[in-house]
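One structure below.
Rule-based calculations on the coordinates, nothing more; no lab input. All values derive from a computational prediction rather than experimental measurement. Ideal geometry is used to build each Cβ from the backbone, glycine not excepted, and the neighbour counts take in all protein chains shown.
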Amino acid sequence: MKKILSLVLAMLMLVTVVTTLASCGKKNDDLTALDAVDLLKEDFGIGVKKNNPELLAAVNKVVDEWVDNGNMAKYEKYYTDLATFAEDETGTVIAPSAGDLKVSWDFGNATETITVYTESGFAPFEFIYEGKVVGLDIAIMSQVAVNMGKKIVVEDILFDTIPTAVKSDSGLAVAAAGLTITEDRAQEMDFSNVYYSSTLVVVSDKKDAYDSVADLAGLKVGVQEGTSGDLIISAAKGQGHVYEDGDGNEKTVKIDGATEVVQYKQYALALADLKSGRIDAILMDKLPALTMLKAAD
């Protein structure tokens, strides 16, 4: 009887500890995403495997058309809404309307494929919806494929492996992953025209509300491995991160070596650690950050 009583008490204590720990976790509403004042604006492009001028021209055709006719902004809003919609006050789940936007593409009997390498944790550019990878980047490449009489095959892989995957692919391949155009990446692939310009933000508890890389000195900072946030915070810990201020003056920000950079394969994992207090902040692109915080807990 004593053994049974002890076991019951132990179980009750375990439940109490788990409940207490759970109650300590932050909610999305407890967090904020502030523009980092010492970061550069970033331009996104579709990365095309080198020496494929026809494919690059086809991507640019869709990008330029959608930017010019306003569809790029419409797709951005639609996929942002789709990634974050939830039950209304009556408990009814109603997906947002696409209006006059095409969100389903028929590839017909196409046999030739374009492999689209992406990482699905970056809404609204790419995310999982009803078991499939969807988003702005997938929409762009779907239209490209239809225009070329081809079809797409989406490969959802780790973000930091995407440039290598495109480079080593034996067929037509692109990187469509909210990819920032950089000189280093341009050595591995050709970039389309810019279809979206982004700024980076610091996601943190509202009580802290960091708004610069300099503010992150001495903290534990989460980044997705291989992203601009990863490269920038690492540079700031080393030789320094160079940026232009509002007046166009070049400045350098350096942070001390006590700052810990925690690399993640997916932002969802970084968010979970931020909520539980295992890291102090996340450095990431603004729209995906706002979309992530808008989603239901």
- request: Positive end of the charge dipole of the chain (Lys, Arg +1 and Asp, Glu -1 on Cβ, about the Cα centre): tell me which of 196, 34, 117 has its Cα farthest that way.
  value: 117
message: Binning at 10 angstrom from zero up to the longest distance, how are the C-alpha pair distances of region 115-258 distributed in percent?
response: 10, 34, 32, 18, 6, 0
- prompt: Under a point spin-label approximation (7 Å from Cα along Cα-to-Cβ), what is the residue 260-residue 67 distance to one decimal in nm?
  reply: 4.2 nm
query: In whole Å, what is the distance between the alpha-carbon centres of region 91-134 and region 40-61?
result: 20 Å
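Tell me which trypsin sites (Lys or Arg not before Pro) from region 68-160 have a DSSP coil assignment and no more than 16 other beta carbons within 10 Å of their own. Write down the numbers at each step before the final one.
Numbers: sites: 74, 77, 102, 132, 150, 151; in loops: 102, 150.
Here the sparse-neighbourhood loop sites are 102.
I need the helices of the chain that pass two filters: whole DSSP H segments spanning 15 Å or more by Cα along the axis, and mean Kyte-Doolittle score no lower than -0.5. Write down the numbers at each step before the final one.
Working: long enough: 2-24 (33 Å, 1.85); 53-69 (24 Å, 0.04); 71-84 (20 Å, -1.02); 136-148 (18 Å, 1.33).
Those that pass (Cα extent of 15 Å or more, hydropathy at least -0.5) are 2-24, 53-69, 136-148.
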query: About its Cα centre, how strong a charge dipole does region 111-156 have in debye, to the nearest 20, once Lys and Arg get +1 and Asp and Glu get -1 at the Cβ?
result: 200 debye
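Show me the ranking of peptides 211-223, 251-263 by mean Cβ neighbours inside 10 Å, starting with the highest.
On the way: 211-223: 20.2, 251-263: 14.8.
So the peptides 211-223, 251-263, ranked by packing, come out 211-223, 251-263.
Only loop residues by DSSP count here, and only those with at most 14 other Cβ atoms within 10 Å; note down the GluC sites (Glu not before Pro) in region 99-169 that meet that.
Numbers: sites: 112, 119, 126, 130, 155; in loops: 112, 119, 130.
Listed in order of number, the matching sites are 112, 130.
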- request: In whole angstrom, note down how far apart the Cα centers of region 234-270 and region 147-207 are.
  value: 21 Å
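Based on Cβ point charges of +1 for Lys and Arg and -1 for Asp and Glu, what charge dipole magnitude is obtained for the chain about its Cα centre, in debye rounded to the nearest 20? Please report the intermediate quantities before stating the final value.
Numbers: 27 positive and 46 negative charges, 230 e Å.
Dipole magnitude for the chain comes out near 1100 debye.
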- request: Mind scanning 207/294; 50/151; 206/237; 61/294 and naming the pairs with a C-alpha gap bigger than 23 Å?
  value: 206/237; 61/294
message: So for each of 162-172, 240-250, 186-196 I average, over its residues, the number of other beta carbons within 10 Å; can you give me the resulting order with the highest mean first?
response: 186-196, 162-172, 240-250
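Going by average Cβ density within 10 Å per residue, which order do the peptides 264-274, 283-293 take, highest to lowest?
283-293, 264-274
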log10 of Debye I(q)/I(0), alpha-carbon scatterers only, for the chain at 0.09 Å⁻¹: -0.51
